[in-house]
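This report concerns only the one structure given below.
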There are 6 protein chains.
Amino acid sequence: MLVVSAHAADFVWRSGGTIAKYIKHGAEVHVVVLSFGVRGESNDLWKEENQTVENVKKIRLEESSKAAEILGVKNIEYWDFEDYPMEITRGRLDRLAQKIRETRPDIILTHDKKDGLNPDHDAVRNYVFQSSIMSNSAGVITPGFPVTKQMMLFGFEPHQTEISDFKPGTFIDITETYEQKVEAMKCFKAQGHLIEYYTQRAFMRGNHARRLSGVKEYKYAESFSNFFPRVASEF
Amino acid sequence: MLVVSAHAADFVWRSGGTIAKYIKHGAEVHVVVLSFGVRGESNDLWKEENQTVENVKKIRLEESSKAAEILGVKNIEYWDFEDYPMEITRGRLDRLAQKIRETRPDIILTHDKKDGLNPDHDAVRNYVFQSSIMSNSAGVITPGFPVTKQMMLFGFEPHQTEISDFKPGTFIDITETYEQKVEAMKCFKAQGHLIEYYTQRAFMRGNHARRLSGVKEYKYAESFSNFFPRVASEF
Amino acid sequence: MLVVSAHAADFVWRSGGTIAKYIKHGAEVHVVVLSFGVRGESNDLWKEENQTVENVKKIRLEESSKAAEILGVKNIEYWDFEDYPMEITRGRLDRLAQKIRETRPDIILTHDKKDGLNPDHDAVRNYVFQSSIMSNSAGVITPGFPVTKQMMLFGFEPHQTEISDFKPGTFIDITETYEQKVEAMKCFKAQGHLIEYYTQRAFMRGNHARRLSGVKEYKYAESFSNFFPRVASEF
Amino acid sequence: MLVVSAHAADFVWRSGGTIAKYIKHGAEVHVVVLSFGVRGESNDLWKEENQTVENVKKIRLEESSKAAEILGVKNIEYWDFEDYPMEITRGRLDRLAQKIRETRPDIILTHDKKDGLNPDHDAVRNYVFQSSIMSNSAGVITPGFPVTKQMMLFGFEPHQTEISDFKPGTFIDITETYEQKVEAMKCFKAQGHLIEYYTQRAFMRGNHARRLSGVKEYKYAESFSNFFPRVASEF
Amino acid sequence: MLVVSAHAADFVWRSGGTIAKYIKHGAEVHVVVLSFGVRGESNDLWKEENQTVENVKKIRLEESSKAAEILGVKNIEYWDFEDYPMEITRGRLDRLAQKIRETRPDIILTHDKKDGLNPDHDAVRNYVFQSSIMSNSAGVITPGFPVTKQMMLFGFEPHQTEISDFKPGTFIDITETYEQKVEAMKCFKAQGHLIEYYTQRAFMRGNHARRLSGVKEYKYAESFSNFFPRVASEF
Amino acid sequence: MLVVSAHAADFVWRSGGTIAKYIKHGAEVHVVVLSFGVRGESNDLWKEENQTVENVKKIRLEESSKAAEILGVKNIEYWDFEDYPMEITRGRLDRLAQKIRETRPDIILTHDKKDGLNPDHDAVRNYVFQSSIMSNSAGVITPGFPVTKQMMLFGFEPHQTEISDFKPGTFIDITETYEQKVEAMKCFKAQGHLIEYYTQRAFMRGNHARRLSGVKEYKYAESFSNFFPRVASEF
């Protein structure tokens, strides 16, 4: 599994329970954090006088690394792009395509196609999608890393789902790693108001998961959009 | 699995491979055919002079029964509603809700929410959806048949997908039962022009399934819409 | 051409220029007016004290007949359904299917699938669509009137297009019959406020038609939704 | 304000804070509860042995009345329709049109156009919309109750918003009546699992309201869809 | 209020009445005109032989300035971007974010997300949206101009609304400034064919506004899309 | 007619029958192939060891030229952009705008607005659309090539239509040039798996065309999306 996160905390709010669960069950999970969210996702830190970009980065790196550790993530990279806006260049497309070929994921998790309040998230969705297509094309040459075959892609929940045209395609039960996710979220002191928000979101999605499946054991869940239809041997 | 088919042949064109596969793998599959399609789906038969409703019904029943047999279906009922239009009454809702409670399916297959050329299919989708909700509600009393829990529902492909706003949500590989499906389709002499059409459709969906999954062994497939998001322990 | 109008004036506001043009060029045009719009489309008449249903019907019939005459319509029928709500029964479906077989139109004009302010219009769209499908099915028997082949269907512009999800699919140039349409609209004294409105609408659609086609001669136009894709030998 | 609720508790879960606020500020609020939700919304009550329809109705009436009292509602009617399915007849359309004319609301709150899990809610939305159009039409005669002018209509949040295509059009701040709403919700012991759910929903919508408006004082909110665009003298 | 206009006349056609009304009622309105529309919106001027870019700019500046004066606009800037295509760079994003912080608007009016015939308009919508998000983020530093809180954003009507997926979210009554708008539009001799068009549009939107609100005094109106749901203390 | 093809074979798979038909009937058809599809559309060629970009280009050029010849295309240009990703610059916009003015097409065929598996196709759609708007604007100066008037634009079918939100707007009967199309497709040995796929697609679209039109002579067809509504003197 490869997780591509626009800012330092997105992978935790949006998929922390799923990441922890996959790791717990033995999967190899790689996380790429594209930016520290210095400009757009660190409002509380900028309330301190004499705050600097370097200091914000340092704090965000610490918070994010600690959260990753709690989730059990061993492979995490910080690519340190500037955010707000997040610019996607040809070189960055190539870099991510190569990263996909290195990690050869069966599943990629990243942002969904529209976030009604966060244009960086839209840019990252297009970025990951394009690089995944490049990774799967034999004519895109990355010496040492052979072409991949089509993997599954899923989209994170944005903060306000309805105005972002988000449609849940898959609910993943995270009951067994819910506590880990809550602990990991608590690392992000710069976005403290979000901890309760995403804790309740897990409860809400658990309610939905039970109602849609009839399985009472699903207490907490995360939901994701499907980039593609599911292809399977049975339903 | 419960399959609800508006007319005598819909379950074969749209889900014959999937039905045969589930049966082959040991599932209990029930098919309810709501009408013989006398008025709307038997155009070729009406070209014969002195054709009668009774005779068309007889032929359609024979064709449909034989196709079901080829697919391995043991439980099939013909409810003999009139088609074009197909009217859904309170009594019919109750009857289907009870049938769902009798058969207790994990999966229901039926028509999708819109068919750009066939209003009966839309009516059946709403019918099945409403009855499934009734079946899952404790206050709807059907003595002897206890309430069900939420099952999964999937929608058939309509004939012209794009003008019907059909979105494939799940592709099921039917490579192992493709030959059975082709044999079953050949029973419907009243709709002979559709045999080649749905044979090619299985090839096309197989191509899509391979492309979306990277699994080369998927040669033939059927696709279905998802009524609900998928809820699962993992992707 | 067959035109099915929910109320007494719809066929004039929404397609009067097109009807007049087809007649002028030799087409046989049949109009079915389903209701007089007594309850829902005659607000001004009900301002008079002691107004009665019979009198409103009489006035609406006179206005509508006169407008039809101005457009050159020779074949018009008033089916006198009650409006608000407009109820579609099995018998009414059969009646319209038979009417379609009698008139054998190449083109049917009627209401579009959604009117954000007028539920009768939605009901009529479904009514006409269902009856057209029945008319095209060999198993629906109407002695003396053989089955039809698929005709083209187009949808009228509703009053407020954007909130009705109306998408123009075809613009018809009505420059040569614009004056006739204006004259016909003037017959509807019960809806006087609409005359200027639909006069300006013809101007606006003429502007759109010119801009989309580059043809400067298109001064006035009517627009319609396409029920189906266009099928043709060339674009 | 007129609130039309499909089942006994819908008006509380979905608009309790807004109702209480309007009443607190002096508005006259009328509530019509169409059914007791005996069949579809009382699952917990049916777990008791020897439960009867009459008893369930009695309990639901008590719960609902008590909740209404807590919200300050003085005008509430129970029309006792059967639910699951909820059938809308011509007579019921007339009855509600007359009720609208009696109460002459500036605002109607009711269900939104689609609920992915509850077909009754869809039926009620269409019911209220049609009756409101009838109420506004001079030709629909209800002796003693004159025609109304167009009022505003807003749609409740369904339980699972994204699969119901719900788009919030308006957020109403309910901070000042949040406690009242929580108390009112606690009356519904038959649906105890929903109390925490809708308490958290108010928190989530408060978060959204703050983010979208920049007003920090908005702590709790309810959201509604807009049936129509807003028309105003200024933004 | 801040108005961001892609070309020299857009702010007049699309929001002239609203601008004049806000100014009349004491609001501070700032207008930023991004380009003179030399390449894409000055077709009539290019019919003159020996026309030059400089001369077209000069004429467009004169027309636009005069129209602004008629509307009462005191704060207008011309940023002189090239149009067709309009390119949005990092520097331009920063510049507009800073402008938003300087003017601190409660409301931003600009183009809507899609114009079926004018790609510049789409680009400007994205430009304004992104810069507004940057302006509201504490980590985006513009010395001397502190961070803003979330303002409201509304989208202009495009020329052909239906093919541009435009949905009116708010109608503003402009009856009291309609005459001013008409006078202002008359300044644009290079686009003379649009004057009658947008005069009639105000009439049409006035009709819609009356119908949707029941307020007879609304004679002329402008409509706008809502970028976000409305957040308010009451409906 | 001008056809703009992202890669070397797109114009054949997606519009070969229509191109051949127009040429057969005397039209002047120009084809611009933007890239050879070296990186994204030549997977089979890259299976050979020691393959080089130059060699792939050479093979693709040969295949594409031969296919064009079979279709009767006399005017074809290869612009040799790199693919995966396909970058659209200001200079490239100008170049295509000038090409449109040189060829002055009544019809432009190119990719549709979204391809769920091929971001190059989306980029090309935007590219062609923008350049066509520039070509139609008098202020965009291309010495020697005067401004064009609005032409019709149509979109190719993508490979997987439903996940690409493709809506057929027009079906063109290609029965008379079907054999030519099949021959032309056989040239593309690098994409051999697509030949059967697009052969069957022509059969499927022929079935749809017959069903929608009632014209039995339509055996094979191609479908296209409509960029704009149709504007015409009659339906």
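The values are calculated or read from the model by the stated rules, or taken from the named source; none is laboratory data. Every value quoted in this text rests on a predicted model; they were computed, and no experiment measured them. Quick reminder, even Gly has a Cβ in these numbers, built from the backbone with ideal geometry, and neighbours come from all protein chains shown.
If only residues of region D:32-85 that are in a helix (DSSP H, G or I) and within 11 Å of chain B (Cβ to nearest Cβ) are counted, the one that is surrounded by the fewest Cβ atoms within 10 Å (Cβ to Cβ) is D:K47. Every condition in (1) within 14 Å of A:A190 (Cα to Cα); (2) surrounded by fewer than 23 Cβ atoms within 10 Å (Cβ to Cβ); (3) touching a strand residue (DSSP E or B) at 6+ places or on another chain (Cβ under 8 Å) holds for A:H7 except the one numbered (2). Every test in (1) touching a residue at least 60 places away in the same chain (Cβ under 8 Å); (2) part of a helix (DSSP H, G or I); (3) surrounded by fewer than 23 Cβ atoms within 10 Å (Cβ to Cβ) is passed by B:S15 save one, and that test is (3).
Considering only residues of region E:186-202 that are more than 8 Å from every other protein chain (Cβ to nearest Cβ) and of a type in the set (F, W, Y), which is farthest from E:D44 (Cα to Cα)?
E:Y198
The set of residues from region A:184-202 being assigned to a helix (DSSP H, G or I), crowded, with 16+ Cβ neighbours inside 10 Å and touching a helix residue (DSSP H, G or I) at 6+ places or on another chain (Cβ under 8 Å) comprises A:A184, A:M185, A:A190, A:L194, A:I195, A:Y197, A:Y198, A:T199, A:Q200, A:R201, A:A202. Candidates E:D80, E:D120, E:D44: the one that is of a type outside the set (S, T, Y) and modelled with pLDDT under 95 is E:D44. Every listed requirement among (1) of a type in the set (G, A, S); (2) closer than 23 Å to B:E176 by Cα; (3) surrounded by fewer than 24 Cβ atoms within 10 Å (Cβ to Cβ) is met by B:G91 save one, (2). Only one of the listed residues (D:I108, D:I100, D:I88) is touching a Phe, Trp or Tyr at 6+ places or on another chain (Cβ under 8 Å), touching a residue at least 12 places away in the same chain (Cβ under 8 Å), within 14 Å of chain E (Cβ to nearest Cβ) and under 30 Å from C:V38 (Cα atoms). That residue is D:I108. Quickly run through region F:203-235 and pick out the residues that are hydrophobic (A, V, I, L, M, F, W, C), part of a strand (DSSP E or B) and either out of contact with any Pro (no Cβ under 8 Å at 6 or more places or on another chain) or at pLDDT below 95 (or both). Selection gives F:A221, F:V231, F:A232. Mind checking whether some residue in region C:144-157 is away from chain F (no Cβ under 14 Å) and either basic (K, R) or crowded, with 20+ Cβ neighbours inside 10 Å (or both)? So far as region C:144-157 goes, no, none of its residues is away from chain F (no Cβ under 14 Å) and either basic (K, R) or crowded, with 20+ Cβ neighbours inside 10 Å (or both). B:Q160 meets the stated requirement of being more than 30 Å from D:R39 (Cα to Cα), in contact with a Leu (Cβ under 7 Å, 6 or more places away or on another chain), in a loop (DSSP other than H, G, I, E, B) and modelled with pLDDT of 95 or more.
If you filter region D:203-223 down to residues that are under 16 Å from the mean Cα position of the chain (by Cα) and within 8 Å of chain E (Cβ to nearest Cβ), you find that the one that is surrounded by the fewest Cβ atoms within 10 Å (Cβ to Cβ) is D:S223. A single entry from E:P143, E:P168 fulfils the requirement of being at pLDDT below 95, part of a loop (DSSP other than H, G, I, E, B) and not hydrophobic (A, V, I, L, M, F, W, C): E:P143.
Test D:Y178 against the criterion of being more than 10 Å from every other protein chain (Cβ to nearest Cβ), closer than 29 Å to D:V231 by Cα and either touching a Lys or Arg at 6+ places or on another chain (Cβ under 9 Å) or surrounded by fewer than 20 Cβ atoms within 10 Å (Cβ to Cβ) (or both), and give yes or no. Yes: the conditions hold for D:Y178.
Of the residues screened, B:V128 is one that is within 16 Å of the chain's Cα centre (by Cα), farther than 23 Å from D:T52 by Cα, within 12 Å of chain D (Cβ to nearest Cβ) and of a type in the set (A, V, I, L, M, F, W, C). B:S131: in a helix (DSSP H, G or I) and small (G, A, S), yes or no? In short, yes.
For the condition crowded, with 22+ Cβ neighbours inside 10 Å, in contact with a helix residue (DSSP H, G or I) (Cβ under 6 Å, 6 or more places away or on another chain), among the aliphatic types (A, V, I, L, M) and in a helix (DSSP H, G or I), what is the one hit in B:L109, B:L96?
B:L96
Taking the numbered list (1) more than 24 Å from B:R230 (Cα to Cα); (2) more than 8 Å from every other protein chain (Cβ to nearest Cβ); (3) under 18 Å from the mean Cα position of the chain (by Cα) in turn, A:L117 passes all entries but (2).
Return the residues of region F:89-104 that are out of contact with any strand residue (DSSP E or B) (no Cβ under 9 Å at 6 or more places or on another chain) and either among the polar types (S, T, N, Q) or within 12 Å of F:V124 (Cα to Cα) (or both); say none if nothing qualifies. F:T89, F:L93, F:Q98, listed by residue number. Within the set C:A8, C:A27, the sole residue that is within 27 Å of C:L117 (Cα to Cα) and assigned to a loop (DSSP other than H, G, I, E, B) turns out to be C:A8. Is it the case that some residue within region A:114-128 is in contact with a Phe, Trp or Tyr (Cβ under 9 Å, 6 or more places away or on another chain) and farther than 24 Å from F:K114 by Cβ? The answer is no, given that none of the residues of region A:114-128 is in contact with a Phe, Trp or Tyr (Cβ under 9 Å, 6 or more places away or on another chain) and farther than 24 Å from F:K114 by Cβ.
Which one is farthest from the other protein chains (Cβ to nearest Cβ), of the residues in region A:165-174 that are buried (at least 20 other Cβ atoms within 10 Å of the Cβ) and over 15 Å from B:G169 (Cα atoms)? Per the stated criteria, the residue is A:I174.
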